[in-house]
Amino acid sequence: MASMKELVEFIVKSLVNDPSQVYVSEINGENLVILELRVGPEDMGRVIGKDGRTVNAIRTLVKVLAAKQGKRVTLELL
């Protein structure tokens, strides 16, 4: 099964113009996982989407995967 970090990387690299600037770091707690996402400044708008719809859709997918693993997850866009 793919990790949450790999899922976010795959989705975001598919969206942006410069996939080499996509970085996802994972901070693990007991039941909480924090994913920090960094993209190039020119791709920030693509990842956020109109009214934040794109990034919220990614958050929803990751939360579903986390729930299946019995964890909570937060996706932060830096």
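Details
- Per-residue Karplus couplings for the range 25-32, computed as 6.51 cos²θ - 1.76 cosθ + 1.60 with θ equal to phi - 60°, are listed in order as 10, 10, 10, 9, x, 5, 10, 10 Hz, Gly and Pro entered as x.
- For the chain, the orientation-averaged shadow of the C-alpha convex hull comes to 4.8 nm² (one quarter of the hull surface).
- The range 4-77, dipole about Cα centre (Lys/Arg Cβ +1, Asp/Glu Cβ -1), debye to the nearest 20: 360 debye
- Annotation: amide H-H contacts under 5 Å for residue 73 (H modelled 1.01 Å from N, sequence separation of 5 or more, or interchain): 33.
- Within the chain, percent of DSSP bridges classed antiparallel, to nearest 5: 50 percent
- Working note: 222 nm ellipticity from helices only, DSSP H runs with n ≥ 4, each -39,500 (n - 2.57), summed and divided by the residues of the chain, gives -13000 deg cm²/dmol to the nearest 500.
- Taking the chain and dividing mean pair separation by its residue count, relative contact order in percent (alpha carbons under 8 Å, at least six apart): 32 percent
- Segments 3-10, 23-30 sorted - mean Cβ within 10 Å per residue, highest first: 3-10, 23-30
- Over 20 Å (Cα to Cα) - which of 50/71; 5/68; 5/50; 13/68 fall in this group: 50/71; 5/50; 13/68
- Cα→Cβ-extended label distance, 7 Å offset, between residue 6 and residue 56, nm: 3.0 nm
- Amide N proximity, the range 40-64 versus residue 17 label position 7 Å along Cα-to-Cβ, cut-off under 18 Å: 40-50
- Stretchable slack from residue 76 to residue 30, in nm (0.36 nm times residue separation minus alpha-carbon distance): 14.7 nm
Taken together, the values in this text are just the output of simple stated rules run on the coordinates, not laboratory data. None of these values were measured; they are calculated from a predicted model. For neighbour counting, all protein chains shown are included, and Cβ atoms are generated from backbone atoms with ideal geometry for every residue, glycine included.
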